[in-house]
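Before any comments, here is the structure.
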Amino acid sequence: MVIVMKPKATQADIDKVVKRVEGAGLKTHLSTGEECTIIGVIGDKKKIASLEMNMMEGVEKTLHITEKYKLVSRSFKAEDTVIDVDGIKIGGKHFAVMAGPCAVENMEQLTEAAHAVKIAGAQFLRGGAFKPRTSPYDFQGLKEEGLKLLRQAADKEDLKVVTEVLNHDDIELIEKYADILQVGARNMHNFELLKALGHAHKPVMLKRGLSATLTEWLNAAEYIMSGGNEQVIFCERGIRTYETYTRNTLDLSAVAAIKELSHLPIIVDPSHGTGRRSLVAPMAKAAVAAGADGLIIEVHPHPEVALSDGDQSLTPQAFNELMSSLKHFTKFMDKEL
């Protein structure tokens with residue numbers, strides 16, 4: 001249920017409504033906008049159904065949310081959520097760019113990549129220290145040593161760090177080094193991990209599952225938010241279809257759909273979305289035009305010798321050229337890059 005307060009409702013009116021709801025054994029979530037305050041009610045459906053709130057002072061109306069996802073829903077919160085990562089904002093009019101190699105290989109590679117993406121205008125350094133790979137014989141990452149290298153390279157260039165977490169046992173460790181915790185496509189349905197991330201103290205970037213519907217994706221975000229962590233960022237990275245020319249099929253309609261269904265920010269990964277270096281730039285521009293709040297792009301100083309995903313990684317020069325052209329697109333979409 002959502003309780004919409006009247007524009008002139010006093011703080012005392014709001015406090016009385018919250019007290020009554022919580023007195024019934026339910027939880028509340030306040031969203032204060034420019035015109036009015038919306039109180040979200042979460043908990044047992046029977047208890048919510050028995051609440052009579054319309055006659056209370058200051059209440060304009062009550063609405064029942066039919067979707068299983070509540071906290072994530074645009075009905076629950078009308079205004080766009082803006083995630084603040086130590087001063088770097090994602091969402092609203094703020095456009096974020098995350099860039100770097102697929103996998104952390106060594107300090108030389110990471111230092112060169114971090115410097116290149118910083119000069120081009122990125123705010124985040126991306127890189128995998130824990131790598132889930134299709135084959136057990138492929139490079140699996142440097143683990144904590146990789147996290148240390150990420151942090152060192154990022155701090156040197158004044159960048160924030162985004163890296164993937166594979167299981168709940170690693171959350172505390174990764175939080176020591178990262179600014180955003182990434183949930184990969186393979187783990188979107190890992191509900192125990194999502195529950196644990198609900199208690200994390202850092203923002204979570206939730207990638208869409210390989211074959212996940214929008215509803216499944218939204219409910220995955222609900223798992224995180226229901227645990228208390230409201231800092232969730234969606235990431236569209238392509239879905240599995242019958243097409244074989246591209247690695248995945250990048251679903252840019254998901255950007256517009258998520259904007260319609262949810263208040264949370266959404267970014268796009270054109271690297272995994274296409275799997276082809278030549279397609280990254282045009283799809284990145286298309287993502288901006290579709291309304292995305294940011295991009296996450298793979299950049300490697302020497303893609304030809306990359307231990308992971310070299311075919312879809314941009315060179316520093318190509319990334320710099322892309323960033324220069326993106327400024328025109330973000331300006332047109334009234335976004336700040």
Suppose the filter is within 17 Å of Q182 (Cβ to Cβ) and in contact with a Gly (Cβ under 7 Å, 6 or more places away or on another chain); does G209 pass it?
no
Sort out for me the helices (runs of 4 or more DSSP H) sitting completely within region 95-209 that have 3 or more residues that are of a type in the set (D, E, K, R).
107-120, 144-156
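To keep it simple, each residue is scored yes or no on (1) assigned to a helix (DSSP H, G or I); (2) at pLDDT 95 or above; (3) more than 23 Å from the chain's Cα centre (by Cα).
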position	(1), (2), (3)
A287	yes, yes, no
I297	no, yes, no
P301	no, yes, yes
L307	no, no, yes
D311	yes, yes, yes
K327	yes, no, no
Among the residues of region 23-40, write down those that are outside any strand (DSSP E or B) and at negative phi.
G23, A24, L26, G33, E34, E35, C36
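Taking the conditions exactly as written (farther than 23 Å from K331 by Cβ and either touching a helix residue (DSSP H, G or I) at 6+ places or on another chain (Cβ under 9 Å) or surrounded by fewer than 23 Cβ atoms within 10 Å (Cβ to Cβ) (or both)), does V59 satisfy them or not? Outline the logic, then answer.
Details: farther than 23 Å from K331 by Cβ: yes; either touching a helix residue (DSSP H, G or I) at 6+ places or on another chain (Cβ under 9 Å) or surrounded by fewer than 23 Cβ atoms within 10 Å (Cβ to Cβ) (or both): yes.
For V59, the condition - farther than 23 Å from K331 by Cβ and either touching a helix residue (DSSP H, G or I) at 6+ places or on another chain (Cβ under 9 Å) or surrounded by fewer than 23 Cβ atoms within 10 Å (Cβ to Cβ) (or both) - is met.
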Name the residue that is nearest to the chain's Cα centre (by Cα), counting only residues in region 68-84 that are more than 21 Å from E35 (Cα to Cα) and either free of Cβ contacts under 8 Å to residues at least 60 places away in the same chain or surrounded by fewer than 16 Cβ atoms within 10 Å (Cβ to Cβ) (or both).
D84
Does region 150-170 hold any residues that are more than 21 Å from Q231 (Cα to Cα) and touching a residue at least 40 places away in the same chain (Cβ under 8 Å), and which are they?
L150, Q152, A153, A154, K156, E157, D158
Has region 64-85 got any residue that is touching a Lys or Arg at 6+ places or on another chain (Cβ under 7 Å), in a loop (DSSP other than H, G, I, E, B) and closer than 30 Å to D158 by Cα?
yes
In the set K89, K45, K118, K77, which member is assigned by TED's automatic domain parsing to the domain that holds E175, basic (K, R) and farther than 21 Å from L181 by Cβ?
K118
Can you pull out the residues in region 229-261 that are farther than 16 Å from G209 by Cβ and outside any helix (DSSP H, G or I)?
N229, E230, Q231, Y242, E243, T244, Y245, T246, L252
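The values are calculated or read from the model by the stated rules, or taken from the named source; none is laboratory data. Not measured: the values here are computed from a predicted model. We place every Cβ from the backbone using ideal geometry, glycine too, and count neighbours over all the protein chains shown.
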